[in-house]
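Here is the structure we will look at.
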Amino acid sequence: MKADCYHNIKSHSIFKYVLKKLHLFKILLMPGNSFGKMFKLTTFGESHGVAIGGVIDGCPAGLEIDIESVQNDLNRRRPGQSAIVTQRKEPDTVEFLSGIFEGKSTGTPIGFTIRNANQKSKDYSHIKDTYRPSHADYTYDEKYGVRDYRGGGRSSARETACRVVAGSIAKQMLKNVEFNAFVSSVGKMELQKDYSELDFSEIEKNPVRCPDPELASKMEAYIKEVRAEGDTIGGTVQCVIKNVPKGLGEPVFDKLHAELGKAMLSINAVKGFEYGSGFEGTKMRGSEHNDHFNTDGTTKTNLSGGIQGGISNGMDIYFKVAFKPVATLIQKQNTINSKGEEVEMQGKGRHDPCVVPRAVPIVESMAALVIADFFLQNKSSKI
Ligand SMILES: Cc1cc2nc3c(=O)[nH]c(=O)nc-3n(C[C@H](O)[C@H](O)[C@H](O)COP(=O)(O)O)c2cc1C
């Protein structure tokens with residue numbers, strides 16, 4: 001009896017201890033606004049608030065930071081850049097607040113903001129109490145009970161501008177590593193060539209960011225057609241990373257491809273990620289699929305996608321990211337409101353008919369954040 005009582009008291013205090021720890025865990029880790037371990041980005045802000053911004057912690061001191069190059073990357077993501085993206089006109093000018101002195105990183109947190117300039121919050125009053133099908137309105141309301149509905153609030157892809165700022169700095173740190181992302185499909189129109197046959201210098205020459213100019217102009221016409229019907233269309237972005245040092249990636253849970261997958265799947269509207277031979281590889285036999293070695297450790301083929309055992313092997317890393325047709329249609333749709341009543345709604349405001357052209361710099365940036373983080377972590381892998 002005594003022992004039982006003692007056991008109860010003990011388990012009760014263990015229970016309290018665990019609850020306390022969980023609470024602490026929740027405070028410290030739950031909110032999910034940070035990415036990376038050693039090269040770490042935390043972002044803040046909503047689409048129609050005063051500003052969005054971030055803090056990059058862990059950028060080593062002494063890195064020469066080319067702010068113009070950061071701004072160029074932001075311009076590639078910016079709304080209003082062409083006729084096939086949202087016509088919201090945002091200058092998206094980055095202002096650095098800390099961590100850079102006389103053009104170089106100081107090793108202290110790099111804080112930055114991007115002011116929101118072109119809000120038309122009135123355009124969003126129709127979603128105050130009504131949920132856009134397949135957007136984040138319902139789930140945010142259920143989770144928090146308070147929702148900044150203007151422009152989608154925190155769920156807006158406006159947040160990804162902050163990722164582009166950090167990714168751009170990560171790319172500057174990884175001077176020799178080349179990140180090439182491009183649009184590989186829009187709807188059913190798919191680039192049929194292997195990336196080795198592509199001229200990456202063509203990517204930025206058309207508004208779709210597809211390196212095959214003929215296909216790009218067909219894609220552009222199709223996106224315009226979809227927009228005219230008040231509809232949206234999905235697509236894929238492929239990314240090829242060249243000159244990746246060997247040894248990046250931390251087995252077992254933080255494998256390089258696992259972190260790349262998380263990075264890509266954290267981008268708004270992403271539905272899928274595959275690297276190397278991906279899903280197609282399942283149709284092959286091992287005898288066809290194995291990458292045989294050359295004597296210098298390179299491989300004759302690269303179906304592994306530059307990663308084996310979660311660690312980079314020095315070959316190109318290549319992967320594809322699938323983006324859905326985004327939710328806001330300029331068409332009537334049936335939905336429900338916050339009282340659970342069936343209502344009809346029609347999207348208003350300025351929206352993207354197809355997000356992949358703007359997603360290209362976002363994919364590159366998230367890839368750069370992952371590689372930069374592992375690059376720094378790998379400095380302690382052996383003596
Ligand atoms: C570059 C970019 C632009 C986007 N623009 C829009 C948009 O104009 N309208 C919209 O409904 N969704 C847009 N989205 C997608 C939404 O942010 C996203 O679908 C929403 O937050 C719900 O999240 P989920 O689709 O990942 O579940 C965009 C996404 C990206 C990457």
Restricting attention to segment 238-247, which residues are of a type outside the set (K, R) and farther than 17 Å from E364 by Cβ?
-> P245, G247
Members of segment 263-279 found to be assigned to a loop (DSSP other than H, G, I, E, B) and β-branched (V, I, T), listed by number | I267
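Condition test on A216, is it of a type outside the set (S, T, N, Q), within 16 Å of the ligand (Cβ to nearest atom) and in contact with a Cys (Cβ under 6 Å, 6 or more places away or on another chain)? So that I can check it myself, show each step before the final result.
Working: of a type outside the set (S, T, N, Q): yes; within 16 Å of the ligand (Cβ to nearest atom): no; in contact with a Cys (Cβ under 6 Å, 6 or more places away or on another chain): yes.
When the stated conditions are applied, A216 does not pass them.
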Kindly check whether there is at least one residue in segment 171-179 that is at pLDDT below 95, in a loop (DSSP other than H, G, I, E, B), of a type in the set (A, V, I, L, M, F, W, C) and over 25 Å from V226 (Cα atoms).
-> no
Hey, any hits in segment 301-313 for a residue that's more than 12 Å from the ligand (Cβ to nearest atom), open to solvent by 20 Å² or more (accessible area, probe 1.4 Å), farther than 25 Å from V183 by Cβ and of a type in the set (A, V, I, L, M, F, W, C)?
-> yes
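Just checking, which of I336, I330 is of a type in the set (V, I, T), open to solvent by 10 Å² or more (accessible area, probe 1.4 Å) and part of a strand (DSSP E or B)? Reasoning before the result, please.
Numbers: I330 fails: part of a strand (DSSP E or B).
So the residue among I336, I330 that is of a type in the set (V, I, T), open to solvent by 10 Å² or more (accessible area, probe 1.4 Å) and part of a strand (DSSP E or B) is I336.
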When residues of segment 279-296 are filtered for being within 32 Å of the chain's Cα centre (by Cα) and over 19 Å from H257 (Cβ atoms), how many remain?
-> 1
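Which one of E190, E225, E204, E214 is open to solvent by 20 Å² or more (accessible area, probe 1.4 Å), charged (D, E, K, R) and closer than 29 Å to I67 by Cβ? Steps first, answer last, please.
On the way: E190 fails: closer than 29 Å to I67 by Cβ; E225 fails: closer than 29 Å to I67 by Cβ; E214 fails: closer than 29 Å to I67 by Cβ.
Testing whether each residue is open to solvent by 20 Å² or more (accessible area, probe 1.4 Å), charged (D, E, K, R) and closer than 29 Å to I67 by Cβ leaves just E204.
Regarding K283, is this residue at pLDDT 95 or above, within 15 Å of the ligand (Cβ to nearest atom), of a type outside the set (S, T, N, Q) and out of contact with any Lys or Arg (no Cβ under 7 Å at 6 or more places or on another chain)? Step through it out loud before you land on a result.
On the way: at pLDDT 95 or above: yes; within 15 Å of the ligand (Cβ to nearest atom): no; of a type outside the set (S, T, N, Q): yes; out of contact with any Lys or Arg (no Cβ under 7 Å at 6 or more places or on another chain): yes.
Criteria not met by K283.
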Looking only at segment 107-134, which residues are within 18 Å of T43 (Cα to Cα), touching a residue at least 60 places away in the same chain (Cβ under 8 Å) and open to solvent by less than 40 Å² (accessible area, probe 1.4 Å)?
-> T113, I114, N116
Filtered residues of segment 223-262 (kept if in a loop (DSSP other than H, G, I, E, B) and away from the ligand (no atom under 16 Å from the Cβ)) | N243, V244, P245, K246, G247, L248, G249, P251, V252, F253, K255
Filtering segment 152-177 down to residues that are over 25 Å from G99 (Cα atoms) and open to solvent by 30 Å² or more (accessible area, probe 1.4 Å), which residue is nearest to the ligand (Cβ to nearest atom)?
-> A157
Neighbours by Cβ (under 7 Å, 6+ apart or cross-chain): first from segment 81-106, touching a residue at least 12 places away in the same chain (Cβ under 8 Å); second of a type in the set (G, A, S) and surrounded by fewer than 14 Cβ atoms within 10 Å (Cβ to Cβ) = E90/A117; P91/A117; K104/G62; S105/A61; S105/G62; T106/A61
Only one of N294, N290, N268 that is under 19 Å from S184 (Cα atoms) and surrounded by fewer than 20 Cβ atoms within 10 Å (Cβ to Cβ) | N268
Quick one: S184 ticks every box in (1) over 17 Å from Q238 (Cα atoms); (2) open to solvent by less than 40 Å² (accessible area, probe 1.4 Å) bar one, so which box is it?
-> (1)
Of the criteria (1) farther than 28 Å from K188 by Cα; (2) more than 16 Å from the ligand (Cβ to nearest atom); (3) under 24 Å from the mean Cα position of the chain (by Cα), which one D316 fails | (1)
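Conditions (1) more than 15 Å from the ligand (Cβ to nearest atom); (2) more than 26 Å from P31 (Cβ to Cβ), marked per residue:
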| residue | (1), (2) |
| --- | --- |
| K89 | no, yes |
| L97 | yes, no |
| G107 | yes, no |
| A117 | yes, yes |
| R132 | no, no |
| Y138 | no, no |
| R150 | no, no |
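Considering G297, G305, which residue is outside any helix (DSSP H, G or I) and out of contact with any strand residue (DSSP E or B) (no Cβ under 9 Å at 6 or more places or on another chain)? I'd like the intermediate steps shown before the answer.
Working: G305 fails: out of contact with any strand residue (DSSP E or B) (no Cβ under 9 Å at 6 or more places or on another chain).
Result: G297 is the single residue among G297, G305 that is outside any helix (DSSP H, G or I) and out of contact with any strand residue (DSSP E or B) (no Cβ under 9 Å at 6 or more places or on another chain).
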Checking G152 against (1) modelled with pLDDT under 95; (2) over 19 Å from L265 (Cβ atoms), the condition it does not meet = (2)
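Give the residues of segment 339-383 that are in a helix (DSSP H, G or I), out of contact with any helix residue (DSSP H, G or I) (no Cβ under 6 Å at 6 or more places or on another chain) and more than 16 Å from the ligand (Cβ to nearest atom), sorted by residue number. So that I can check it myself, show each step before the final result.
Taking segment 339-383 first, the residues in a helix (DSSP H, G or I) are 356-380.
Retained after the next criterion (residues that are out of contact with any helix residue (DSSP H, G or I) (no Cβ under 6 Å at 6 or more places or on another chain)): 356-357, 359-360, 363-364, 367, 371, 373-380.
Within segment 339-383, I371, D373, F374, F375, L376, Q377, N378, K379, S380 meet the criteria.
In the list I330, I383, I307, which residue meets the criterion of being at pLDDT below 95 and more than 30 Å from G152 (Cβ to Cβ)? First the steps, then the outcome.
Details: I330 fails: more than 30 Å from G152 (Cβ to Cβ); I307 fails: at pLDDT below 95.
I383 is the lone residue from the list that is at pLDDT below 95 and more than 30 Å from G152 (Cβ to Cβ).
The values are calculated or read from the model by the stated rules, or taken from the named source; none is laboratory data. Fair warning: this is a prediction, and the values are worked out from it, not measured in the lab. All Cβ positions, even for glycine, are placed from backbone atoms using ideal geometry, and neighbour counts span all protein chains on display. Heavy atoms of the whole protein, side chains included, go into the accessibility calculation; ligands, DNA and RNA do not. Shrake-Rupley method; radii C 1.70, N 1.55, O 1.52, S 1.80 Å.
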